[in-house]
Structures are given as structure tokens and as C-alpha cells.
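Written below as C-alpha cells is the structure these notes are about.
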Amino acid sequence: DASNIYQLRAGDVVLVSVWREESLQKEVRVLPDGSITFPLVGRVEVGGLSTPEVEQRIAAKLKDFIPEPTVTVVIAGIEGNRAYVLGKVLRPGPMVMAGPTTVLQALSMAGGLDKFADESAIKIVRAQANTQEILPVRYKDLIAGRDMSTNFLLRAGDTILVP
């Protein structure tokens, strides 16, 4: 299932190594423009790609220098996989999602709602191609276990607003 393959994002860290090439082993951070820089090949676009795709891309660029290069790319840090919780929670701010994370899990990681939070007005702001989608969260239904349909799975870049 292709939807489960992790795609690299700005802020992520990858360890790139080339078999039998000691000097070609480097830990690099994905830049805000979605690229990395690697010896011999220079700038490589990796944003939105899986590690096998990045391996193929770097290997193709290395062929001018090394016959049949074997490239390995390992994810060393997923700092780019973050969501944000803003507003009336105990610990607002960015949060790295180590795995699939729901709204309730994110609110829990943020320490829960503070006593002045408006439970009926919680929303997720999700960036789409060139617009923003607003997803209303029915917190009372979630907490009561009645209707879990608004316990959305978060995506990188989502912001939960708790007024």
C-alpha cells in the first residue's frame, strides 16, 4: 500500500551512504525547498519521495563517477513530520509525529485542554495545494466515545486550533 510509505519532508534527516565508498557517507537534513546536498552529485530533490526513490535518484547521478553505485538511504530523524497545537491547551506548540497520530492523541500530547477552552469550536487547519481546509472537531462526541468520525488522522503541517 503506497499510502503507508513515508515521504521525506523539509526538516527530516537522512543518512546517505554508498557501498565501498567510505568518503561517501553523510547525514543530511532536508532543506526547506525539499532538497539535500550530497558529495559529487550536489543538490538532489527529495521532498515527497520515499527512501528507495532517493536511492535511485542519487545512484543515477553518481554513475558519472562510480560504476554501478549502490546507494542506501536511511531515515535518521523525522523532524519534518510535525503537526501543531495552538490555543487553550496546557502545552501548545509543534509536535513530532513518530507514527500515525489522531486529534485526540495530539491534544493529549499537548497536555489536554485548559479550563477556558471552547470544546465546541476546535478545528484543524490543513494546507491543501494552494488553499486551506478547515476540519471541525466534535470534541464532546470524541471524549464520550459516541462518534469518532472527527478524530482525524493528522498529516504533516496540520494545525489544531483550540479557542
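The values are calculated or read from the model by the stated rules, or taken from the named source; none is laboratory data. Bear in mind that the values here come from a model prediction, so they are computed numbers and not experimental data. Don't worry about glycine lacking a Cβ; one is built from the backbone with ideal geometry, like all the others, and counts go over all protein chains shown. When the accessible area is computed, the model is the full protein with side chains, heavy atoms only, and any ligands, DNA or RNA have been set aside. Shrake-Rupley method; radii C 1.70, N 1.55, O 1.52, S 1.80 Å.
For the stretch 29-146, with the dipole built from +1 on Lys and Arg beta-carbon atoms and -1 on Asp and Glu ones, taken about the Cα centre, which of Met97, Gly48, Ala117 lies farthest toward the positive end?
Toward the positive end, the furthest listed residue is Ala117.
Using a Gaussian network model of the chain with C-alpha springs under 10 Å, which one of Pro69, Pro94, Pro39 is most mobile by mean-square fluctuation?
Pro39
Taking amide H atoms as placed 1.01 Å from N in the peptide plane, list the residues 5 or more away in sequence, or in a different chain, whose amide H sits under 5 Å from that of Val89.
It is Asp114, by chain and number.
Could you tell me which of Ile5, Pro69, Thr159 has its Cα farthest along the dipole of the chain towards the positive end, charges placed at Cβ (Lys, Arg +1; Asp, Glu -1), taken about the Cα centre?
With unit charges placed on the Cβ atoms, the residue in question is Thr159.
With charges only on Cβ, +1 for K and R and -1 for D and E, what is the dipole size of the chain about its Cα centre, in debye, rounded to 20? Kindly include the intermediate steps, with their values, before the conclusion.
Numbers: 18 positive and 19 negative charges, 90 e Å.
Result for the chain is approximately 440 debye, rounded to the nearest 20.
Over the Cα atoms, compute the radius of gyration (one decimal) and Dmax (the largest Cα-Cα distance, rounded to a whole number) for the chain, in Å.
Computed over the Cα atoms of the chain, radius of gyration and Dmax are 19.8, 64 Å.
Could you pull out every residue, at least 5 positions away or on a different chain, whose amide H is within less than 5 Å of the one on Leu49? Hs are placed 1.01 Å off N in the peptide plane, and Pro or chain starts have none.
HN-HN under 5 Å from Leu49: Leu8.
Gaussian network model of the chain, Cα springs within a sub-10 Å range: biggest mean-square fluctuation belongs to which of Ser120, Ser23, Ser108?
Of Ser120, Ser23, Ser108, the most mobile in the Gaussian network model is Ser23.
Whole number in Å², please: accessible area per residue of the stretch 2-119, 1.4 Å probe, ligands, DNA and RNA not counted.
On the way: 6700 Å² over 118 residues.
Result: 57 Å² of accessible area for each residue.
List, in order, the whole-Hz ³J(HN,Hα) value for each residue of the stretch 4-14 obtained from phi through the Karplus relation with A = 6.51, B = -1.76, C = 1.60 and θ = phi - 60°; use x for Gly and Pro.
Couplings: 8, 7, 5, 9, 5, 9, 3, x, 5, 10, 10 Hz.
Do any chymotrypsin sites (Phe, Trp or Tyr not before Pro) in the stretch 83-163 lie in a DSSP loop with no more than 14 other beta carbon atoms within 10 Å, and if so, which? Numbers along the way, then the final one.
Values: sites: Tyr84, Phe116, Tyr139, Phe152; in loops: Phe116, Phe152.
Sites meeting the loop and neighbour criteria: Phe116.
Explain nothing, just compute: Karplus ³J(HN,Hα) = 6.51 cos²θ - 1.76 cosθ + 1.60, θ = phi - 60°, for every residue of the stretch 87-99 in order, whole Hz, x for Gly and Pro.
Result, ordered by residue: x, 8, 10, 5, 10, x, x, x, 8, 7, 9, 6, x Hz.
Taking the Cα atoms of the stretch 1-88, what is the range of coordinates along each of the three principal axes, in descending order and whole Å?
Extents along the principal axes: 57, 28, 19 Å.
If you average the alpha carbon positions of the stretch 89-163 and of the stretch 5-40, how far apart do those two centres end up, in angstrom?
32
In debye, nearest 20: dipole of the stretch 18-110 around its Cα centre with unit charges on the Cβ of K, R (+) and D, E (-)? Intermediate values should be presented prior to the final figure.
On the way: 10 positive and 10 negative charges, 88 e Å.
Roughly 420 debye, rounded to the nearest 20.
Could you work out how far helix 51-62 tilts from the main Cα principal axis of the chain, as a 0 to 90 degree angle to the nearest 10?
30
Skipping prolines and chain starts, which residues have an amide H placed within reach, meaning under 5 Å, of the one on Arg82, given they are 5 or more residues away or on another chain?
Result for Arg82 returns Met97, Gly157.
Can you compute 3J(HN,Hα) from phi for each residue in the stretch 138-152, using the Karplus curve 6.51 cos²θ - 1.76 cosθ + 1.60 with θ = phi - 60°, rounded to whole Hz and x for Gly and Pro?
Rounded to whole hertz, the list is 8, 4, 4, 5, 5, 5, 7, x, 7, 9, 8, 5, 9, 7, 4.
With +1 on each Lys and Arg Cβ and -1 on each Asp and Glu Cβ, and nothing else charged, work out how big the dipole of the stretch 69-123 is about its Cα centre, in Debye to the nearest 20. Can you show the working numbers first?
Working: 5 positive and 4 negative charges, 10 e Å.
In total the dipole reaches around 40 debye.
Find out how many positive minus negative residues lie around Tyr139, taking Lys and Arg as positive, Asp and Glu as negative, among other residues whose Cβ is under 10 Å from that of Tyr139. List each step's numbers first, then the result.
Working: positive: Arg138, Lys140; negative: Asp118, Glu119, Asp141.
Local net charge: -1.
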